[in-house]
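First the structure, then my questions, so here it is.
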Amino acid sequence: MTPLALPPDWNRLDQFQETITHDEFVSLLDLVYAPESEAPWITVEPEQAVIQKNATDRFLLRFAPDIHSRKPLTRYWSINLVNPTADKPLCGLRIALDPGHLGGAWAKMEERWFQIGALPPITEGDMTLRVARLLARRLRVLGAKVDLVRSKPGPVTSLRPNRLQSQAQASLQNRGVTQPLPTYSGPTDPNRERAIPWEAERLFYRVAEIRERARIVNDKLKPDLTICLHFNAEPWDDPLHPTLGTKNHLHLLVNGAYSKMELGYDDVRFTMLIKLLNRAYDEELPISESVAQSLAEATGLPPYSYYSSPNAKQVGKTGYVWARNLLANRLYECPVIYIESYVMNSKEVFARVQAGAYDGVRDFGGVMRKNIYVEYADAVATGLVRHFRVQSYTMER
Ligand SMILES: [Zn+2]
């Protein structure tokens, strides 16, 4: 099991008995979820999949004999618009907005903070919250019911690093660290990844926090769609003397491309199967493609590429969408649109963030641009509207 995971309730997979055919199951595994390898721990037979629950126990998933005899899916989300109109094209859609990271006083600890000279620092977690607030307003006007998974700076989990010391020790041990360090000196300490307090902090802001957000999404909000908002960053050439670069790009992530090693964890395998079987991908891909298109038009950004990483696979036709197994897009059971737009430590984006919120447009390198938060929120809203207009048009026919 991965750190802080609860033991999976494998009986939950019973709701998916006979809801998927053999061919559909194999194609989702091969093309989306486990494209790297023969999915270990899962043996596909003509009439069932034999799934290892752990080293000794197995779960049998029976396939539907053909697509006409598939049993209906039970899931908390459904992408069904309720009487959409021209000015309320998202009517009936429940959307959760998840502003990435914590921001505020936590930005330094979560290593989502940087400063150039004496200029105001850049904190991703505060920028994503600004975009979420603007986007929420736009989507409500368009008829959607919108909730923010995090609505202020700071964590939603009540756990704190000081309560994660023993888990941090165990996690370091799992990573093969034999002599963990009792302290570290800061974000530039080259040995920090071997220190217990650093690992406890990482478990807090990266794992406990996302697990709590997943609980809010799946148990409380139960949205039809979750949108994770992020800004990207490129590694510094020299972290001790950060200088801005020129690389700037955009990509979106859908859940998939699990590596053999990741599927070896019982909890990861279980949540992967929930996502595969509830058919989140059928929604994640076309909505991501539509939002990628509108963001590309608005920002002019080229697609980011993971090149030949074993943990990422390009999907769709736009070139902007990749499948990757992230904790958030795995644990949130509904379709997740995960956006990585703009490189914060590029010269252009840095200047736009320093410019802050302004009305209208301003000249950046010869291009007239809305303020970066408005540009981001407007483009996401446009991509959603375009996608769902086509949906309701085809539904009417
Ligand atoms: Zn981020």
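The values are calculated or read from the model by the stated rules, or taken from the named source; none is laboratory data. Quantities reported herein were computed from a predicted structural model and do not represent experimental measurements. Cβ atoms come from the backbone with ideal geometry, glycine included; neighbour counts cover every protein chain shown. These accessible areas exclude ligands, DNA and RNA; they are computed on the full protein's heavy atoms, side chains included. Shrake-Rupley method; radii C 1.70, N 1.55, O 1.52, S 1.80 Å.
Check cross-link reach from residue 313 to the lysines: straight Cα distance under 30 Å, and skip same-chain residues fewer than eight apart.
53, 222, 247, 260, 275, 347
Shifting gears a bit: Helices from the chain with mean Kyte-Doolittle at least 0.0 and a Cα length along the axis of 18 Å or more, per DSSP H: which?
On the way: long enough: 124-141 (26 Å, -0.08); 280-299 (27 Å, -0.17); 372-396 (36 Å, 0.10).
Qualifying helices, which must be both long enough and hydrophobic enough, are 372-396.
Another one. Compute the distance in nm between two label points, each set 7 Å from the Cα along the Cα-to-Cβ direction, one at residue 145 and one at residue 158.
2.6 nm
While we're on this one: Can you give me the solvent accessible area of residue 192 with a 1.4 Å probe, rounded to the nearest 10 Å²?
Here the residue's solvent-accessible area equals roughly 50 Å².
With a cut-off of 8 Å between alpha carbons and a minimum separation of six or more residues, what is the relative contact order of segment 226-305 in percent? Walk me through the numbers before you get to the answer.
On the way: 33 pairs, mean separation 32.8, N = 80.
In percent, rounded to a whole number, it is 41.
Classify segment 264-307 from the C-alpha gyration tensor, please: rounded if a/c falls under 1.5, else prolate or oblate depending on whether a/b exceeds b/c.
Oblate is the answer for segment 264-307, as a/c is 1.5 or above yet b/c matches or exceeds a/b.
What accessible area per residue, rounded to a whole number of Å², is obtained for the chain using a probe radius of 1.4 Å?
Dividing the accessible area of the chain by its residue count gives 46 Å².
What percent antiparallel are the DSSP beta bridges of the chain, to the nearest 5?
Within the chain, antiparallel bridges account for around 45 percent of the total.
Tell me the relative contact order for the chain as a rounded percent, counting alpha carbon contacts under 8 Å between residues six or more apart.
20 percent
So what is the calculated 222 nm ellipticity per residue for the chain, using -39500 (n - 2.57) for each DSSP H run with n of 4 or more, over all residues, to the nearest 500 deg cm²/dmol?
That calculation yields -9500 deg cm²/dmol at 222 nm.
At a Förster radius of 25 Å, what calculated FRET efficiency corresponds to the Cβ-Cβ distance of residue 237 and residue 170, to the nearest 0.05? Each step should come with its number before you reach the end.
On the way: r = 35 Å, r/R0 = 1.40.
Given R0 = 25 Å and the Cβ-Cβ separation, E is 0.10.
Using only protein heavy atoms and a 1.4 Å probe, report how much of residue 23 is accessible, in Å² to the nearest 10.
110 Å²
Stretch residue 386-residue 193 to full length: gain in nm at 0.36 nm per residue minus the Cα-Cα span? Provide the component values of the computation, followed by the final result.
Working: separation 193, 0.36 × 193 = 69.48 nm, distance 4.40 nm.
Taking residue 386 through residue 193 to full extension adds about 65.1 nm, to one decimal.
Another question, then. Considering only segment 17-155, what is the antiparallel percent among its DSSP beta bridges, to the nearest 5? Let's see the in-between values first.
Details: 10 of 15 bridges.
Approximately 65 percent, going by the DSSP bridge assignments.
Using the Cα atoms of segment 248-396, I'd like the radius of gyration and the largest Cα-Cα distance, Dmax, both in angstrom.
Both quantities, over Cα of segment 248-396: 17.1, 53 Å.
Taking springs between alpha-carbon atoms closer than 10 angstrom, which of 355, 34, 257 fluctuates most in the Gaussian network model of the chain?
Per the Cα network of the chain with a 10 Å cutoff, 355 tops the list.
In whole Å, what are the extents of the chain along the principal axes defined by its C-alpha atoms, from largest to smallest?
That gives 65, 62, 38 Å along the principal axes, largest extent first.
How would you classify segment 147-304 from its alpha-carbon gyration tensor, with a ≥ b ≥ c the square roots of the eigenvalues: rounded for a/c under 1.5, else prolate if a/b is greater than b/c, otherwise oblate?
oblate
Scale the Cα Rg of segment 102-232 by the rule-of-thumb value 2.2 N^0.38 Å and send over the ratio, two decimals.
Segment 102-232 yields a ratio of 1.23.
Could you check how much of the accessible area of segment 1-69 is carbon and sulfur, as a whole percent, using a 1.4 Å probe?
51 percent
Further, regarding this structure: Please compute, for the alpha-carbon atoms of segment 165-211, the extent along each of the three principal axes and give them in descending order in Å.
27, 22, 14
Let me ask you something else. Tally up the carbon and sulfur contribution to the accessible surface of segment 94-170 as a whole percent, 1.4 Å probe, everything protein left in place.
So the carbon and sulfur contribution to the accessible surface is 54 percent.
Moving on to the next point. Scan around residue 195 for amide H atoms under 5 Å from its own, H built in the peptide plane at 1.01 Å from N, and keep only partners 5 or more places away or cross-chain.
For residue 195, whose amide H was placed from the backbone, the distant partners under 5 Å are 181.
If you take the square roots of the eigenvalues of the alpha-carbon gyration tensor of segment 24-118 and sort them as a ≥ b ≥ c, do you get rounded (a/c under 1.5), prolate (a/b over b/c) or oblate?
oblate
On the accessible surface of segment 282-397, probed at 1.4 Å, how many percent belong to carbon and sulfur atoms?
C and S atoms contribute 50 percent here.
Same structure again: Modelled label-to-label distance, residue 12 and residue 78, 7 Å Cα→beta-carbon offset: nm?
2.1 nm
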